[in-house]
Amino acid sequence: MENAALCYFHGCTSKPMEGSVKCHFHRNRGLCRISNCRNQVYARSLCVRHGGRHPCAHPGCSTNARLGDFCCRHSKHKKLCHHPGCTKVIQIHNRCIRHGGSKHCLYPGCATPARAGGHCWRHRMYIKRENAPTSPSDSSHQGCCSDSAMSDDGTSSEMALPLSGDDLDASILDVLLTCGDMSWSHTDGASFVL
């Protein structure tokens, strides 16, 4: 009677709870209605092996259905990019993003794929900045990171940089320039002022 000291389910080595044939983990799992089957119920009081899952709807296939009515082998396959040798899934115009299957950013001169609201990830911030409130009392970014900086003669000058070449570096430089006069020091002890 070694099996009485273990949980009823196949492969479980835990001790059953007092007054039950199931362990604490399997306490709410149903037993397959087929006699001597030690698998847990999947559906209709049957385990997967005994019909708890529907078989594939493809004629002659006895595999269990995975997605909808078909098994993995007979389900609809996703269309692949038409570019020779590409194995990626299509997005637009029968092509993947890399091979022209995407819409481009609406920012003038940008060919990066659009991500949010018709703009690439980089230019979504410029669009938000253009739509931001203009009066200082309405702005949530007073002080450091404003859209303009004060020059020595007290006039405001626009600090936005046109994007070209390596746009990521330009956007970082734009943030640094708009933060005003700040001193920075390098790990070797050299310091500089923006």
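Quick note: the coordinates plus some simple rules give every number you see, no bench work behind them. Every value quoted in this text rests on a predicted model; they were computed, and no experiment measured them. Here Cβ is always computed from backbone atoms with ideal geometry, including for glycine, and neighbour counts include all displayed protein chains.
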### Query
Could you count how many residues in segment 80-101 are part of a loop (DSSP other than H, G, I, E, B) and surrounded by 17 or more Cβ atoms within 10 Å (Cβ to Cβ)?
6
### Query
Which one is surrounded by the fewest Cβ atoms within 10 Å (Cβ to Cβ), of the residues in segment 47-79 that are in contact (Cβ under 8 Å) with a residue 12 or more places away in the chain and assigned to a strand (DSSP E or B)?
Asn64
### Query
Counting only residues that are more than 11 Å from Tyr8 (Cβ to Cβ), part of a loop (DSSP other than H, G, I, E, B) and not polar (S, T, N, Q), how many does segment 31-46 have?
5
